[in-house]
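Chemist: Would you mind keeping the following structure in view while I ask a few things?
Values quoted throughout were computed directly from the atomic coordinates according to the rules given, and no laboratory measurement underlies them. Bear in mind the structure is a predicted one, so any value in this text is a computation, not a measurement. Methodologically, a virtual Cβ is constructed for each residue, glycine included, from the backbone with ideal geometry; neighbour enumeration extends over all protein chains shown.
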Amino acid sequence: MENEDTAAEKRTAVDYLSFGEKTAKRVSWEAWEFTVVGPRQVRVTNASYGYLKDEHSYTVEVTAREGLAVPAECECPADKHSGEYDCKHKVALATVGGSTVLDAAVGFDHLAPAKQLKTDGGLHADTRDCDCISQSEFPCWPCYRDGAQ
């Protein structure tokens, strides 16, 4: 049985946004892509526009409110000129991207060393923690496979 304190703790980013039914429908109908581009910044792209999707891509700033990551500002014209409601990019980030993308933006550390994963799950050669080249003139098999010279 839940008490009132537990229910109050279950707030989501959507609870901090203000939007109407039209925006909610558009967000649910359209295709969205999210890319964390910097600390507290997510690039929100409306992929419904197909090959023109880059023209419908905006950066949304994420902030922390009461310990929760929430979309704060968007660079789109609708967010700049509409005082009453939040834009569809912020709503899409909160609903479709959700806490996974929002938390990734807040936790993004641009100063951390890059550990770039390849699609097969391995590391790129320039980020591999291996000193095989210093021990012989040839790289080990994992470094060779990943492109070390």
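Chemist: From the backbone phi of the range 59-67, what are the Karplus-calculated ³J(HN,Hα) couplings (6.51 cos²θ - 1.76 cosθ + 1.60, θ = phi - 60°) in whole Hz, Gly and Pro given as x?
Modeler: 8, 10, 7, 10, 10, 9, 10, 6, x
Chemist: What ranking do Arg65, Arg43 get, fewest neighbouring Cβ atoms within 10 angstrom at the top?
Modeler: Least crowded to most crowded, the residues run Arg65, Arg43.
Chemist: Please list, ordered by chain and number, the residues whose modelled amide H lies under 5 Å from the amide H of Trp32; skip anything fewer than 5 residues away on the same chain.
Modeler: Ala47
Chemist: Considering only the range 4-107, what is the antiparallel percent among its DSSP beta bridges, to the nearest 5?
Modeler: 100 percent
Chemist: To continue, here is another question. Over the range 4-107, one equal point on each Cα, no solvent: what is log10 I(q)/I(0) by the Debye formula at q = 0.10, 0.15, 0.20 Å⁻¹?
Modeler: These q points yield log10 I(q)/I(0) values of -0.26, -0.57, -1.00.
Chemist: Rank these for me by crowding, Asp15, Asp86, going from fewest to most other beta carbons within 10 Å.
Modeler: By the 10 Å Cβ count, ascending, the order reads Asp15, Asp86.
Chemist: Tell me, in nm to one decimal, what length is gained between Ser82 and Glu21 on full extension, where the rule is 0.36 nm per residue of separation less the Cα-Cα distance?
Modeler: The Ser82-Glu21 span can extend by a further 20.4 nm.
Chemist: Here's a follow-up. Using a simple charge model, +1 on the beta-carbon of Lys and Arg, -1 on the beta-carbon of Asp and Glu, nothing else, what dipole does the range 4-107 show about its Cα centre, in debye to the nearest 20?
Modeler: Around 260 debye, computed over the range 4-107.
Chemist: Continuing with the same structure: In the range 25-59, which GluC sites (Glu not before Pro) are in a loop and have at most 15 other Cβ atoms within 10 Å, using DSSP for the loop call?
Modeler: Passing both the DSSP loop test and the Cβ count: Glu30.
Chemist: Further question on the same structure: Starting from the Cα of Val96, step 7 Å along the direction of its Cβ; do the same at Ser28; then give the gap between the two resulting points in nm.
Modeler: It works out to 1.4 nm between the two label points.
Chemist: Can you work out the Karplus-derived ³J(HN,Hα) for every residue in the range 76-82? Use 6.51 cos²θ - 1.76 cosθ + 1.60 with θ = phi - 60°, whole Hz, and x for glycine or proline.
Modeler: Result, ordered by residue: 6, x, 4, 6, 6, 9, 10 Hz.
Chemist: For a quick check: with amide H placed at 1.01 Å from N, whose amide H comes under 5 Å from Gln41's, ignoring anything fewer than 5 positions away on the same chain?
Modeler: Val62
Chemist: Please give the length that would be gained between Glu73 and Asp54 if that part of the chain were fully extended, namely 0.36 nm times their separation in residues minus their C-alpha to C-alpha distance (nm, one decimal).
Modeler: 4.9 nm
Chemist: With a 10 Å Cβ neighbour count serving as the proxy for reagent exposure, in which order, fewest first, do Lys10, Lys25, Lys53, Lys90 appear?
Modeler: Lys10, Lys25, Lys53, Lys90
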